[in-house]
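In what follows, a structure is listed as structure tokens, so that the remarks can point back to it.
The values are calculated or read from the model by the stated rules, or taken from the named source; none is laboratory data. The model shown is predicted, which means the values in this text are computed figures rather than measured ones. Positions of Cβ are backbone-derived with ideal geometry, glycine not excepted, and every protein chain shown enters the neighbour counts. Areas reflect the complete protein model, heavy atoms only, side chains present, ligands, DNA and RNA absent. Shrake-Rupley method; radii C 1.70, N 1.55, O 1.52, S 1.80 Å.
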Amino acid sequence: MRLSRNDPGLPLYQSENKRGYTFRRIRAQARNWFSSRSNPMKLAIVLMVLFSVFVLVKLCSGAATKSENSPIESQDPIIINEQIIGGKKEDDFDHEEVEKPADEIDNKIVQEKDKMIAPESGGTAVKFTGPTNDRQKAVVKAFQHSWMGYKKYAWGHDTLKPVSKSYSDWFDTGLTIVDGLDTAIIMGLEEEAAEATDWIQNKLTFEKDRMVNFFECTIRVLGGMMSAFYLTGNHMFLEKSVDLGDRLLAAFKSPSPIPYSDVNLLKRTATNPQWGADSSLSEVTTVQLEYRALSRASGNSTYEDLSFNVSKHIHKIGCDSHEGLCGMFINANTGLFKKGATITFGARSDSYYEYLFKQWIQTGKTIDWLKEDYGKAMAAMEKYLYRNSEPNKMFFVGELLSGETYSPKMDHLVCFIAGTLSHGSKNGFPRKHLDMAERIGETCHNMYDNPTGLGPEIAHFNMIPGKEDLYVKPLDAHCLLRPEAIEAWFYLYRFTGDKKYQEWGWAAFQAIEKYARIPSGGYSSISNVKKTNVQYRDSMESFLLGETFKYLYLLLGDDQTVLPLDEWVFTTEGHPLPIYAN
């Protein structure tokens, strides 16, 4: 029986001068009710009321206790190999465990309880002044043109289809918004950044019954939000990141330390890719920067522990057959590499080598075996893959098909290594690494020597005298407006000061403006870089905003101290994250 203020027969709420009368009336009614013999169920009712009050008090007490905890505490912990995922513990993070040599690293996921590390706050917002010259202003306008088209025709969806003025969804997580937000922040675009922030806070949800690629969702969505957190200090981005991170950790429910490739965000289940039983090397080894940042910010070491176990596992089993170069496929069930796989610095392998170096940088150069594995791989790359063409000696990085047969093929993706090599040369690696970086960077520039001035997806090189150095096959001639060459020139300019890299970047930007710009909004990938009568692929990848325009903006800036590379490390998706002291 519940007393209600709307019950006309029981006027609980009276004016002050009638309060005594009211209480007396209630007391008399209660006494009559208890003394009446016509209420045989009165004892049961009283007990039910008392029990209800007791339960209500306990619930309120629990809610109050929960509200005192961190707002980013995981809501739905899961258990993987006896390790709790998504909760917070109170042990200190043990860096000795991370730095164990190969023969002491357990192949299995760490069995000990999750450990608490001191949360590292995003702090105050980083100050950005906006463009300082006409070239930077032109890049900002291009970003705004992309944003305008996306906002008009695809807002809230993953990517814009600029020609048909529609959209496509891959993960249904607003990829373009999340991937491009930190670029808007860095460019000083307050309106666009505010629009993105509002959408992420109020519209973005990961309660989606959809399979997503663990790697792509990590580098684009999780990485984008974590970068926004560190650049702005807005803890909403961290809370969203924890939610997503907890869901994606389902990938680690495999029998080995190697995660599955695909995750259902709603069900928190994971599986191998549809095309086979193996995960790509680059996909399982290119989430560590993002998850380490999430652990350090949230105070939950689980993300760093599980992702870093992948790196430790590969370090332990090694890639000795080619002196540190690994095959492109590894099995999540067995934890072993697929025999006879292609060895490449292109698709499915590229960022494994990038994150060996960048993890070492991110952790304050404290984990020596990361540095050693990277150095070993670069020496092997020079021995097995680094060649030059004829007749003009263009240096490139080829492939070993089936791990044996040399192929003078280089993906546009491989251009990243010029940036990584130059970065390494300024952090203790040999001077020849910078020489190699400059030569590869120039070859990437030569790949843009096409009628459109845009780079193809893949180039092949001639190693026989009497023919042209570089040629592009028709099926490889498409251009997705990728960032890797511009990324390489950004690093090379930072470390050499040679303005030719700015000129190369500006020429690439002008080609994008001339041949990829869609007047109604956005930019489109094109089908053939060798034809000026372009055919559009009707797709604007999120990395155009997340990386290509960002690296162009930074490359063309007068002030090259913005986001200094001794304080920030850029993820493979171009999202800056802080470097830690240890």
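Of note:
- Spacing of the modelled spin labels on residue 191 and residue 152, each 7 Å from Cα toward Cβ, amounts to 1.4 nm.
- For a label point 7 Å along the Cα-to-beta-carbon line of residue 127, residues of region 535-575 with backbone N under 19 Å: 558-565, 567-568
- Once the 1.4 Å probe is applied to the protein heavy atoms, region 382-449 comes out at 38 Å² accessible per residue.
- For region 177-194, backbone phi angles converted through the Karplus equation (6.51, -1.76, 1.60; θ = phi - 60°) give residue-by-residue couplings of 5, 6, 5, x, 4, 5, 5, 4, 4, 5, 7, x, 8, 5, 5, 5, 5, 5 Hz, Gly and Pro being listed as x.
- Three-way shape call for region 220-263 based on the alpha-carbon gyration tensor, with the a/c threshold at 1.5: prolate
- With the simple model of a label 7 Å out from the Cα in the direction of the Cβ, residue 432 to residue 402 spans 3.1 nm.
- Of 312/339; 151/531; 376/432; 316/365, pairs whose Cα-Cα distance is over 22 Å: 151/531
- For region 229-369, the gyration tensor built on C-alpha atoms gives an oblate shape. Its axis ratio a/c (a ≥ b ≥ c) is at least 1.5, and a/b is not larger than b/c.
- For region 445-511, the carbon plus sulfur part of the accessible surface works out to 54%, probe radius 1.4 Å.
- A crude spin-label estimate for the pair residue 207 and residue 464, with each label 7 Å from Cα along the Cβ direction, gives 6.3 nm.
- For residue 569, distant residues with modelled amide H under 5 Å away: 577, 579
- Amide H contacts of residue 161 (H built 1.01 Å from N, under 5 Å, at least 5 apart or other chain): 166, 167, 168
- Virtual paramagnetic centre 7 Å along Cα→Cβ of residue 580, amide N under 18 Å, in region 343-361: 355-361
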